[in-house]
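Heads up, the thing below is written out as structure tokens.
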Amino acid sequence: MNNFNLIISGVGGQGTITLLKVIGRAALLQGLDFKSSELHGLSQRGGSVKTHIRIGENISSPLIIPGETDLIIGLEPQEALRTKSFAGKKTVFLINEKVIPVQGKEVDKSEIEKWIKKIPGEVKLINAFSITQEKLKNSLYSGIFLLGYAVHNKLIPLSIDSVKKALEETIKPDYIEENLKALDLAKGF
């Protein structure tokens with residue numbers, strides 16, 4: 001297997017670090033090597049959170065070289081755009097459409113769409129926030145939904161079984177059932 005490079009970007013409270021833990025555990029369950037690095041910018045208060053995740057057979061460094069990212073999961077569009085320097089022509093951007101106001105300022109969605117058109121690679125905008133709010137009555141599961149989308153559409157080299165097992169081993173027992181529902185909900189998209 002070639003090394004797989006993934007960046008997850010979002011803001012504090014969206015579950016970026018939870019996704020990192022689930023993906024890492026799933027990779028290890030599949031017998032793959034896994035390295036990661038986190039960058040927090042006041043994440044407890046809605047600041048930027050970005051993780052580099054590398055999966056493969058023999059990973060020596062957790063950091064991804066700009067232009068070499070296979071998948072970028074943006075839990076928030078503005079944060080996804082901040083990772084565009086890591087994108088190349090082979091990169092798939094999986095972006096949650098929900099814009100989270102930074103310091104009370106709502107960014108115009110048309111501005112974001114204008115910048116998205118300039119991104120190299122493929123961009124998939126999915127309103128995971130609304131889907132999980134409507135179907136599960138809680139938008140907090142939108143990150144797991146996006147991970148489920150990536151797994152079901154083979155955008156990430158992890159099996160659904162390893163991700164489910166990783167969720168069961170990583171998530172608090174009271175929240176496992178809903179997280180598994182969010183993962184499976186993504187199958188139809």
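So the values come out like this:
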| read-out | value |
| --- | --- |
| Percent of beta bridges antiparallel (DSSP, the range 4-188, rounded to nearest 5) | 55 |
| Given K35/K135; K117/K164; K135/K165; K124/K164; K137/K172, the pairs whose alpha carbons are separated by over 28 Å | K35/K135; K117/K164 |
| Gained length - N2 relative to S37, 0.36 nm times residue gap less alpha-carbon distance | 10.7 nm |
| Contact order relative to length of the chain, as percent, for alpha carbon pairs under 8 angstrom and 6 or more apart | 21 |
| Net dipole in debye of the range 4-188 [+1 Lys, Arg Cβ; -1 Asp, Glu Cβ; about Cα centre; nearest 20] | 320 |
| Among (1) 47; (2) 37; (3) 60, the entry that matches percent of Cα pairs over 23 Å apart as calculated here | (2) |
| All lysines inside 25 Å of K118 as judged from Cα atoms, apart from same-chain residues fewer than 8 positions distant | K50, K84, K89, K90, K98, K105, K109, K154 |
| Contour excess over end-to-end distance, with Cα ends at K137 and F189 and 0.36 nm allotted per residue | 16.9 nm |
| Neighbourhood net charge (13 Å Cβ-Cβ; Lys/Arg +1, Asp/Glu -1) for K118 | +1 |
| Which of L136, I116, A80, positive extreme of dipole for the chain (C-beta unit charges) | I116 |
| Long-range amide H partners of K98 with built H, under 5 Å | A128, F129 |
| q = 0.12, 0.15, 0.17 Å⁻¹, the range 132-189: log10 I(q)/I(0) [Debye, one scatterer per Cα] | -0.24, -0.37, -0.48 |
| Calculated [θ] (222 nm, deg cm²/dmol) that DSSP helices of n ≥ 4 give over the chain, each run adding -39,500 (n - 2.57) | -11000 deg cm²/dmol |
| Under the Karplus curve 6.51 cos²θ - 1.76 cosθ + 1.60, θ = phi - 60°, whole-Hz ³J(HN,Hα) for the range 79-89, x wherever Gly or Pro sits | 5, 4, 5, 5, 9, 4, 5, 8, 7, x, 5 |
| Sites S130 and L28 - FRET efficiency at Förster radius 25 Å, r taken between beta-carbons, to 0.05 | 0.15 |
| Cβ-based net charge around N58, under 14 Å, with every Lys or Arg adding one and every Asp or Glu removing one | 0 |
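Just so you know, all these numbers are worked out from the coordinates, no wet-lab data involved. None of the values given here were measured: they were computed from a predicted structure. Note that each Cβ is placed from the backbone with ideal geometry, even for glycine, and that neighbours are counted across all protein chains shown.
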